[in-house]
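Chemist: Quick one: this structure, given as structure tokens, is what I'll be asking you about.
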Amino acid sequence: MDFSIFIGEKRKEREKKKMGRKIAFTSACMLLTASCTGLQTNLDKDSSANPVVANTSQNDEVKVIIKKGNDTKKNKKSKENNDEIKNKIAKKHSEKEEDDSDYITTNINSNGLLDEKELVDEEMPNSRLVMQKLTELKMEQRKILSEGTSSQKKIVALQNKLLRAYKQWKGTKYALGGDSASGIDCSAFTRRVYREVFSFELPRRSVDQAQAGSHVPRSQLKAGDIVFFKPEGTGNHTAVYLGNSLFLNASTSKGVVISTLENIYWNKTFKYGVRVNETA
């Protein structure tokens, strides 16, 4: 074989191999480019299909902040409304108390506080002590009407009503089982006073009246409370508390009178007070 021909053949083989490598490299690059392009395309499609996904966390945080802000505004406004309502109620209550206070003062001043001499028979035993306690009570009432609170004036008005109810029965003789102007016993008188003053019907028997409400000690007695006594050797005794140790009762020995817990006998036999919830 001619040597020049041999050299030419070898050169052609090398060029073919070189061309093959170029073609393979080019194909590999094209495949890699296509793969990367496809991946990016898919990512773009996912993003365009749901653009909120990428920002979900941020959007949730923004929503929470906005909600908290709105809740704070609502709570603040609600509190302001509640405070305004409370202030209006307090103002109305205060105005009502002032009106009640003025009415009570005017009404009592017009009718006058009852004269203690009209309430006590000076010939009765212990009448001097009762008169003294009534005078003290009347002085306290005048002070309250002048400068007391509405609640205090209501107590004065109640005391006056109790005394007026008592005055209708003053001096009525005691009669066991009686319930009329010709004779009345302690439980019937207590029941009559409650009916007149409170429009409330107590039980007829003294033992049942003693259970008509909650028990209170002597130091906490208020006008209108029932006072319960248990004298030795006799039955139970009930009466209506007035104030300043005074109470209204139908005594077995004196009939319907005003008595005081400072009397030795009543102080010894006193058991407890009874506060009827419906009249408290």
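Chemist: With Cβ to Cβ distances under 11 Å as the rule, what net charge do the other residues near Ala250 carry (K, R +1; D, E -1)? Walk me through the numbers on the way to the answer.
Modeler: Values: positive: Lys170, Lys173, Arg191, Arg192, Lys254; negative: Asp179, Asp185.
Summing Lys and Arg as +1 and Asp and Glu as -1 gives +3.
Chemist: Considering amide H positions built from the backbone, and no H for Pro or chain starts, which residues 5 or more places from Ala239, or on another chain, come under 5 Å of its amide H?
Modeler: For Ala239, the qualifying residues are Val227.
Chemist: Let me ask another. How much length would be gained if the chain were fully extended between Glu262 and Leu113, taking 0.36 nm per residue of separation minus their Cα-Cα distance, in nm to one decimal?
Modeler: Gain on extension, Glu262 to Leu113, equals 51.3 nm.
Chemist: Net charge near Lys173: determine it from the other residues with C-beta under 15 Å of the C-beta of Lys173, scoring Lys and Arg +1 and Asp and Glu -1.
Modeler: Details: positive: Lys170, Arg192, Lys254; negative: Asp121, Asp179, Asp185.
Summing Lys/Arg as +1 and Asp/Glu as -1 gives 0.
Chemist: Residue separation times 0.36 nm, minus the C-alpha to C-alpha distance between Met131 and Phe200: what's the value?
Modeler: Working: separation 69, 0.36 × 69 = 24.84 nm, distance 2.94 nm.
Taking Met131 through Phe200 to full extension adds about 21.9 nm, to one decimal.
Chemist: Taking amide H atoms as placed 1.01 Å from N in the peptide plane, list the residues 5 or more away in sequence, or in a different chain, whose amide H sits under 5 Å from that of Ser214.
Modeler: Placed amide hydrogens put Arg275, Asn277 under 5 Å from Ser214.
Chemist: Which of Lys138/Lys161; Lys153/Lys222; Lys154/Lys271 have a Cα-Cα distance over 18 Å?
Modeler: Details: Lys138/Lys161 14 Å; Lys153/Lys222 14 Å; Lys154/Lys271 27 Å.
In this structure, Lys154/Lys271 exceed 18 Å between Cα atoms.
Chemist: Given that compact globular proteins tend to follow 2.2 N^0.38 Å, what is the ratio of the alpha-carbon Rg of the range 112-279 to that value?
Modeler: Values: Rg = 14.9 Å, N = 168, 2.2 N^0.38 = 15.4 Å.
It is 0.96.
Chemist: Note down the magnitude of the dipole of the range 163-235 about its Cα centre, charges +1 on Lys and Arg C-beta and -1 on Asp and Glu C-beta and zero elsewhere, to the nearest 20 debye. Provide the component values of the computation, followed by the final result.
Modeler: Numbers: 12 positive and 7 negative charges, 50 e Å.
Roughly 240 debye for the range 163-235.
Since every read-out is calculated from the coordinates, none of them should be taken as a lab result. All values reported here derive from a predicted model rather than from experimental measurement. In this analysis, Cβ positions are derived from the backbone assuming ideal geometry, glycine residues included, and neighbour counts consider all displayed protein chains.
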